[in-house]
Amino acid sequence: MSTPSYKLYGFDSAKTRPEFIRYMFHAANIPFDDFRITQEEWPKYKPKMPMGQLPVLEIDGKRMLPQSISIGRYIAKKGHFYGATAYESALIDSICDLNNDVVLKVYPVMHAIFAQNDDLKEEEWNKVKDEVLKKYEFLEKTLKKNGTGWLVGKKVTMADFFVAEFASRLIEHIDDTVLDDLPLMKKLMKTVHALPGVKEYIADRPKTLW
């Protein structure tokens, strides 16, 4: 059976939704075309996208898979990042759902960053910071309870990639103290970013506003 070909469509202006998927591709050493679209090019590509939005994963030049979490699950299964049992897979899903809640909470802050409005960024972050920290405190307890350094099971999973990537973005672009009282979360983030493949990708990836 031939190896499938993958093309991951995303915007070039920000890491946005597909970044943790890129981490998994690189960590699993799965070749893919990291295809980034400018805002000017988007009207040309939009009709091709199943839901009229990005990211989308093109498989073998024929099948188009939308939605970042669905793409993430697909690549997690291919890269063996989706748990050792059905229960672990369900736990991974639950943590990804929680992290997605964090992503959605931070959207107004992200829009302020794109507008390059620092006052608005601070204002919007102050509105959601406590809620974000509450969810991160839950993940800190999860790491402590699991005791392996990973959120689920004994090896890195999609949940670790998704959580670590977004936490690193909060630190880089919004609040560099967000994990100061969460040592296990901070360690997870550093461990994921030091993984072979991920480390090299991060060193060479394009610089973006977000």
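The values are calculated or read from the model by the stated rules, or taken from the named source; none is laboratory data. Quick caveat: nothing in here was measured; it's all calculated off a predicted structure. No Cβ is skipped: glycine too gets one built from the backbone with ideal geometry, and neighbour counts run over all protein chains shown.
Suppose we keep only residues that are in a helix (DSSP H, G or I) and of a type in the set (A, V, I, L, M) within region 142-158. Which one would you say is surrounded by the most Cβ atoms within 10 Å (Cβ to Cβ)? Among those that are in a helix (DSSP H, G or I) and of a type in the set (A, V, I, L, M), it is M158.
Within region 105-117, residues that are under 16 Å from V128 (Cβ atoms) have Cβ atoms under 7 Å from residues that are of a type in the set (F, W, Y) in these pairs: V109/W125; M110/W210; I113/W210, counting only partners at least 6 apart in sequence or on another chain.
Residue pairs whose Cβ atoms lie under 9 Å apart, separated by 6 or more positions or on different chains, with the first residue in region 185-197 and at positive phi and of a type outside the set (S, T, Y) and the second modelled with pLDDT of 95 or more and assigned to a helix (DSSP H, G or I), are G197/Y23; G197/F25; G197/H26; G197/A27. Just one of the listed residues (D119, D130, D93) is at pLDDT 95 or above and under 14 Å from the mean Cα position of the chain (by Cα), and it is D93.
The one condition from (1) among the small types (G, A, S); (2) within 21 Å of D176 (Cα to Cα); (3) surrounded by fewer than 17 Cβ atoms within 10 Å (Cβ to Cβ) that A112 does not meet is (3). Only one of the listed residues (E40, E58) is in a strand (DSSP E or B) and more than 23 Å from V106 (Cα to Cα). That residue is E58.
The set of residues from region 70-106 being hydroxyl-bearing (S, T, Y) and either surrounded by 19 or more Cβ atoms within 10 Å (Cβ to Cβ) or within 28 Å of Y6 (Cα to Cα) (or both) comprises S70, Y74, Y82, T85, S89, S94. Remark: pairs (first residue in region 53-75, free of Cβ contacts under 8 Å to residues at least 60 places away in the same chain; second residue of a type in the set (D, E); Cβ separation under 6 Å; 6+ apart in sequence or on different chains) = M64/E58. Here L139 clears all of (1) in a helix (DSSP H, G or I); (2) surrounded by 15 or more Cβ atoms within 10 Å (Cβ to Cβ); (3) without any contact (Cβ under 8 Å) to a residue 24 or more places away in the chain except the condition numbered (3).
Of the residues that make up region 67-78, is at least one assigned by TED's automatic domain parsing to the domain that holds N29, under 27 Å from K127 (Cβ atoms) and assigned to a helix (DSSP H, G or I)? Yes, that holds for at least one residue. Considered as a group, the residues in region 159-210 that are in a loop (DSSP other than H, G, I, E, B) and among the small types (G, A, S) include one that is nearest to R22 (Cα to Cα), and that residue is G197.
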